[in-house]
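Here's the structure, in structure tokens; my notes come after.
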Amino acid sequence: ATMFTLKDKVICVTGAASGIGLATAKILFTQGAKLSLSDLRREPLETAFNEILGDSTECDRIIFTAVDIRSSDQVDKWVAKTVKHFGYLDGAANIAGVIGPHYGVHDITELSNDEWDFIQGTNLTGVFYCVRAQLKAMGNGGSIVNTASIAGLEGHGKNGAYSASKHGVIGLTKSAAKEVGSRGIRVNSIAPGIINTPMIQSFGALDSGKLDVFSRVPLARVCEAKEVGSLFAFLLSDESKYITGSTYRVDGGMLVKTSYIRKHQATYKIMSHLPLSGKIALVTGASSGMGRAISLALAKEGAKLVCCDLRELPNPEGYEADIKKATQDLIIDKGGEAIFQPVDISIPSQIETAVARTIEKFGRLDILINCAGYWAPFRDFVDEDDELWGKMVAVNTLGTAKASRLAIRQFLKQEVDEKWGSRGRIVNISSCAGHIAFAGEVAYSATKASINHMTRAGAIDHAKDSININCVAPGAVQTGMARANFENADIVKIMRNATPWPRTGFAEDISGAVMFFCLPQSQWITGQLLAVDGGMTLGVPAPS
């Protein structure tokens, strides 16, 4: 089974003849997309076409064109050709890029005008030409994913032109996302780390030791191009339909800040598109809202579930009294396997019992989803009492920490699953309130910020153990816990004005992002915070 469906979506791919572009095109084609491929020269494109097509007879699903993206005229004609051939355009993966002949050698004082212009012309101006033409050609709805770099997130010495160009791509991505959110078009970027591609191989970094991978990367290996391609596929699919204006790292934890990284040698067999058959997942907050949607999504991909919550069904006096069937019963009805375990996440002994029952029933634990949370109606900081703070910290911070530590202890007893690439996965549910200031939510924001840093620091500690720890930060999502907000017209107006995307979110928007962190394709991603917020954390949207 495959998680992401791209059937009949028309997608442009630049840099498609090799490396990340070729790997991405292969995945997109396998998942049913129609492709318009471009690269600088025709001959490598012909080779790539045959490699992507493989044994398939659907050659009409691929066209290819030699394009120098530094030429706006060539880009415009290529996009027009795409629409003329397929009739429409749904998305784009803008991957073409260069590092320049003196990457890691020349500092800024030695950098020539020609080299600067060449790098900016390809990496930034070329991406601008592509995005402009693609947005003009797209109707309402669609997705564009640009290629940035970890060098676009922090400065690298003797890398000024490349780093500047990739910083520019991130700025372009955020600006475009604000402008076209009202049209239902999403614009995101991916920041790869050290990837095994012909561009890096030609630079000689992997052979010569210029890049000390095992000391700089917590996951202690080089990433394969198809692992980045899987993230392109996710962001181009409808599973990511509430994600826009964001940049996501695929860097093995390289930019997770730490004073040390322990050296660790590891190799894994990389396999794609495997379901979660046989995996055991424990989900807190599973009876309703996001936890329920996540549990159902995990079960759909083959996982066996331990559904944990205060009660099997939401409070009949509460906002989700319309839910009449327990999550685990829905899973069982559809042929899955699931059990319910009552848990108050603020009581450590109950968390211990839940993990112990999981091991007793299934013999192992592979995935922990920390979704249970507590929120209180808006009030000023001065009005937040000790009782509120105590409960907020007990549930959101201490409960998440306790469950995570117990899961990690069990993961460490298990061997690395080489097909999956991990000993275990943890996905924490934070909030966009954890990294931007929300009035009237001081305690909630503080506890969610603690989850963000718990994720990053925990990822550093346990990357050496092949344990992935990531975090999803929802924006304005319609769930039972927040339903009171959506019944207040003034609050709804504030949330809509703060969200570039033309709607607020649903639980299923969050479950798609969580699922990606659980699949084999994301095994080189750790310590990440994924905002699923319709662009809310971009700041004030463009005036309408």
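In this structure, is Gly139 over 14 Å from Ile243 (Cβ atoms), among the small types (Gly, Ala, Ser), modelled with pLDDT under 95 and over 22 Å from the mean Cα position of the chain (by Cα)?
yes
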_Residue that is nearest to Gly245 (Cα to Cα), among those in the range 159-186 that are touching a Leu at 6+ places or on another chain (Cβ under 9 Å) and not in a helix (DSSP H, G or I)_ = Arg186
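From the set of residues in the range 175-200 that are among the basic types (Lys, Arg) and within 18 Å of Gly91 (Cβ to Cβ), which is nearest to the chain's Cα centre (by Cα)?
Only one residue tops the list, namely Arg186.
What number of residues within the range 431-466 satisfy the criterion of being among the hydroxyl-bearing types (Ser, Thr, Tyr), part of a loop (DSSP other than H, G, I, E, B) and modelled with pLDDT under 95?
Taking the range 431-466 as the starting set, the residues that turn out to be among the hydroxyl-bearing types (Ser, Thr, Tyr) are 431, 444-445, 447, 450, 455, 466.
Still in the running and part of a loop (DSSP other than H, G, I, E, B): 431, 466.
Subset that is modelled with pLDDT under 95: 431.
So the answer is 1.
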*Any residue in the range 114-143 that's closer than 12 Å to Ser72 by Cβ: show its pairings with residues that are in a helix (DSSP H, G or I) and of a type in the set (Gly, Ala, Ser) at Cβ separation under 7 Å, as long as the two are six or more apart or on different chains.*
Tyr129/Ser72; Val131/Ala176
*Any idea which residue in the range 521-544 is nearest to Met454 (Cα to Cα), counting only those that are assigned to a helix (DSSP H, G or I) and modelled with pLDDT under 90?*
Thr537
*Looking at the range 104-135, which of its residues are crowded, with 23+ Cβ neighbours inside 10 Å and outside any helix (DSSP H, G or I)?*
none
*Of all residues in the range 342-384 being without any contact (Cβ under 8 Å) to a residue 60 or more places away in the chain and charged (D, E, K, R), which is surrounded by the most Cβ atoms within 10 Å (Cβ to Cβ)?*
Glu384
*Thr358 fails exactly one of the following numbered conditions: (1) within 16 Å of Leu282 (Cβ to Cβ); (2) hydroxyl-bearing (Ser, Thr, Tyr); (3) modelled with pLDDT under 95. What is the number of that condition?*
(3)
*Search the range 64-81 for residues being within 24 Å of Asn140 (Cβ to Cβ) and touching a Lys or Arg at 6+ places or on another chain (Cβ under 9 Å), and hand back the single one that is surrounded by the fewest Cβ atoms within 10 Å (Cβ to Cβ).*
Asp76
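The values are calculated or read from the model by the stated rules, or taken from the named source; none is laboratory data. Only a predicted model underlies this, so the values are computations on that prediction, with no experimental measurement involved. Backbone-built Cβ (ideal geometry, glycine too); neighbour counts: all protein chains shown.
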